[in-house]
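The values are calculated or read from the model by the stated rules, or taken from the named source; none is laboratory data. Fair warning: this is a prediction, and the values are worked out from it, not measured in the lab. In this analysis, Cβ positions are derived from the backbone assuming ideal geometry, glycine residues included, and neighbour counts consider all displayed protein chains.
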Amino acid sequence: MDFADFFLFADNFGKTAEEQVANNIDQKYCADDQLAEFDVHFVVLTKHPDAPTARSSHIDPDSPSTVYIGEELFKREIDILNTYFADDEGEQVCAGGNCVRFAYKSHQFRDDISDTPCELLSFGDQTDPTYLDSSNADYADLYGAFEDAVGRCGDERLRDPFAINFYIYDAYQWDGTAAAADPGNTDNLGGSVRLGIVDIPFVALDVERLLHRDQSPEEHEMGAAFGLQNSCDPSITSLTQDSNVMQSTCGVSGQSEGARNVGFGADQIAGIMKRARAIQTVWCGVAQCKDDIP
């Protein structure tokens, strides 16, 4: 136990479990002018046969001899974020001596949350596109129903109020028109939903996109959780072209996401840092309110 851990242990002495949680968040996220690592809570919503379970094994697509068992997969996802959530020179996203980093906090497998009252669980396996709550090719309004379900969920197994929630689901292949939608796994052009709001940041990744498969899904969706909009560069017309990590088709025929292999630019980093501070400010405020309850 290092000095910081000992201090926290001593500060928690005599507090209830809820008070200890609030105090831990207070200590982590309330430091003046200092960003802490962002905790990430993983939730498996899908019953897909390839979904992570306590005993499942997952082969690293970039290193087939490497296999992740159970929660090792989630910790690998954190490694991916800390490697590829980067600027356009491949360096960490930093400003003013602060950097955005992520830390594994916890996880919930599907079988452990089957009794939840939250409708969010029903989004784990999609058989039709209606949950998108959008008109044809209306990309700006995608995923409204999913976001609403996250916001309404009070079960902390599914939505940790002091972490970025990382949902794993089975998406519905969709090209912008309901008539063209086919059930099943996503292809390399889609598969992850995201919308983050300042006090409930989250990402959702299709089970087929885990372990950094196809077009930088982790950092693209995490960028959205930190408030970034999609980039709409009309010169990107092929999946093989270098492109910004936030590049999207933006509903434009002939436009492509490209390889999404170029990190965040200066303006994007400024936006990320602003949202990062806002998120931690909210978490700090909520924790202090809980800590003050007699």
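Structural remarks
- Residue list for the stretch 51-68, filter: surrounded by 14 or more Cβ atoms within 10 Å (Cβ to Cβ) and either of a type in the set (S, T, N, Q) or within 24 Å of residue 150 (Cβ to Cβ) (or both): 51, 52, 53, 56
- Residue pairs whose Cβ atoms lie under 9 Å apart, separated by 6 or more positions or on different chains, with the first residue in the stretch 68-91 and within 13 Å of residue 58 (Cβ to Cβ) and the second basic (Lys, Arg), are 68/75; 68/76; 69/55; 70/55.
- Number of positions in the stretch 141-158 that are over 15 Å from residue 117 (Cα atoms) and at pLDDT 80 or above: 0
- When residue 133 is tested against the conditions (1) at pLDDT 95 or above; (2) on the phi > 0 side of the Ramachandran plot, the lone failure is (1).
- Candidate set: the stretch 242-294, residues that are surrounded by fewer than 19 Cβ atoms within 10 Å (Cβ to Cβ) and modelled with pLDDT of 95 or more; chosen: the one farthest from residue 29 (Cα to Cα): 242
- Among the residues of this structure, residue 44 counts as one that is at pLDDT 95 or above and surrounded by 20 or more Cβ atoms within 10 Å (Cβ to Cβ).
- Residues in the stretch 103-118 that are assigned to a loop (DSSP other than H, G, I, E, B) and over 15 Å from residue 74 (Cβ atoms): 114, 115, 116, 117, 118.
- If you check 105, 15, 75, 28 for being touching a Phe, Trp or Tyr at 6+ places or on another chain (Cβ under 9 Å) and at pLDDT below 95, only one passes: 28.
- Residue, modelled with the highest pLDDT, within the stretch 119-130, restricted to residues that are part of a helix (DSSP H, G or I) and not polar (S, T, N, Q): 121
- The set of residues from the stretch 44-73 being of a type outside the set (A, V, I, L, M), part of a strand (DSSP E or B) and within 20 Å of residue 108 (Cα to Cα) comprises 57, 58, 68.
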